[in-house]
Amino acid sequence: AKQSGNGSSHFNDAMARDLHHRQRMTERLLAALKGDGLQLCYQPQFDLTTGELVGAEALCRWHDAEWGWVSPGEFIPLAEERGLIRPLGDWVLQEACRQLVAWRHSGLRLPGRLSINISAQQFDDPQLAGHIAGLIEDTEISSIALEITESDFMRDPEQAVDITRALRQAGFALSIDDFGTGYSSLAYLRRFAADALKIDISFVRDMLTSHHDRAIVDTIIAMARALGLRTVAEGVETREQAAALAELGCDQAQGYYFGRPVSGVAFFEQWGATVGR
Ligand code: C2E
Ligand code: CA
Ligand code: CA
Ligand code: CA
């Protein structure tokens, strides 16, 4: 790097390196997507009253030969930025359905639904319901729930109202993900045809130490009830958090306390015996 004295060439070098790295990462993500470099993990979800398994969330994983495990917090935004999220999202849907069928053949019928994360660009498609229905072929739509973040709903709320209605009409369940971080208006919350709210991990994490966060969780649950929405807490790591959530009337939960995201095979081994086969 040349020393220009004002630091700007260092800055430009760093920018160029970053851009180069992102370009390489994009190419390798595409190769992983075309090959078999991506996987899904499944995290169980439980009823907080009965303790029963009530579903699972599919979470995408990428293992690169050189970089090891790359976090979805890194590659999902990259896929969004580089126009790969639609093919990636299609792959996730098809792979999740393949897993549901594979479990069924081994004797596990997942109770409830399998939840799948949908990103903003996938959601920004008036034909989404038909598109997904076409992708998942023989899988019953009633076994799938879609998760869309609160902030993605609010990018174009009027369109979101229409799309959510079409999805529900087609038979998909719909959760508002990361709830509490996206500034929805109450008026829209009522109009989105969602059936569950996922309480964001940040509130769950601090609800035992912060009165403020506990009050937010309490309010979200009360509001969800008033609107007829189920509540699902994410990121539950301790028995105390689970107990506090149950006491506040939260319906369901997932998190390391109950079970980590694991491969489809491990999920079957861990949870297959707990449900009727
Ligand atoms: P998310 O949808 O909010 O998923 C929950 C995240 O919390 C997951 O991180 C999960 O592994 C993690 N988690 C679960 N239980 C606990 C816990 O008890 N404690 C803590 N600290 N974390 C917990 P992950 O798998 O790294 O995914 C991060 C985000 O990447 C997801 O957040 C989602 O927004 C996105 N993502 C993952 N898979 C997909 C996908 O297939 N499609 C799309 N569009 N986005 C995905
Ligand atoms: Ca999610
Ligand atoms: Ca979240
Ligand atoms: Ca998220």
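Read-outs: derived from the displayed coordinates by stated rules, not from any lab. This is a predicted model, so every value here is computed, not measured. Virtual Cβ from ideal backbone geometry, glycine too; neighbours counted across all protein chains shown.
Diffusion of the chain by Stokes-Einstein, at 20 °C in a medium of 1.002 mPa s and with Rh set to the Kirkwood radius over alpha-carbon pairs, works out to 107 µm²/s.
If r is the Cβ-Cβ distance from Glu27 to Gln159 and R0 is 22 Å, what FRET efficiency results, to the nearest 0.05? Intermediate values should be presented prior to the final figure.
Details: r = 33 Å, r/R0 = 1.48.
With a Förster radius of 22 Å, E is 0.10.
Length gained on full extension, Ser106 to His63: 12.8 nm, using 0.36 nm per residue less the C-alpha separation. Taking the chain as the reference, fit the longest principal axis to its C-alpha atoms, fit the long axis of helix 239-248 to the helix C-alpha atoms, and give the angle between the two in degrees, 0 to 90, nearest 10. Tilt relative to the chain: about 60 degrees. This ranking places Leu167, Leu114, Leu19 by how few other beta-carbon atoms lie within 10 Å of each, fewest first, which gives Leu19, Leu114, Leu167.
Give me the extension gain from Ser151 to Tyr256: residue separation times 0.36 nm, minus the current Cα-Cα distance, reported in nm with one decimal.
Working: separation 105, 0.36 × 105 = 37.80 nm, distance 2.50 nm.
So the chain would gain 35.3 nm between Ser151 and Tyr256.
Taking 8 Å as the Cα distance limit and 6 or more residues as the minimum spacing, I'd like the relative contact order of the chain as a percentage. Please list the in-between numbers first.
On the way: 435 pairs, mean separation 51.6, N = 277.
Once normalised by length, the contact order is 19 percent.
The gain in end-to-end length when the Glu81 to Ala120 segment is fully stretched comes to 12.9 nm, 0.36 nm per residue minus the alpha carbon separation.
Taking the C-alpha atoms only, the angle from helix 211-226 to the longest principal axis of the chain is near 60 degrees. Between amide H atoms placed 1.01 Å from N, distances below 5 Å from Gly55 occur with Gln45, all of them 5 or more places distant or on a separate chain.
Axis of helix 8-34 versus longest Cα principal axis of the chain: the two differ by about 50°, to the nearest ten degrees.
Just Asp206, Asp124, Asp36 to compare: in a GNM of the chain, with alpha carbon springs under 10 Å, which one fluctuates most? In the Gaussian network model the winner is Asp36. Projected label points at Gln39 and Thr209, each 7 Å from Cα along the beta carbon direction, are separated by 3.2 nanometres. Taken about its Cα centre, the chain carries a charge dipole of roughly 260 debye when the Cβ of each Lys and Arg holds +1 and the Cβ of each Asp and Glu holds -1. Restricting the chymotrypsin sites (Phe, Trp or Tyr not before Pro) of region 58-106 to loop positions (DSSP other than H, G, I, E, B) with no more than 16 neighbouring Cβ atoms within 10 Å leaves Trp67. For region 178-213, which chymotrypsin sites (Phe, Trp or Tyr not before Pro) pass both filters: DSSP loop (anything but H, G, I, E, B) and at most 12 other C-beta atoms within 10 Å? The qualifying sites are Tyr183.
Highest mobility in the GNM of the chain, judged by mean-square fluctuation with C-alpha springs under 10 Å and restricted to Ala226, Ala145, Ala193, is found for Ala226.
Roughly how many Å is it from the Cα centre of region 217-259 to that of region 133-155, as a whole number? Each part's Cα centre sits 22 Å from the other's. Each residue in His105, His63 was given a count of other beta-carbon atoms within 10 angstrom of its own, and listing them fewest first yields His105, His63.
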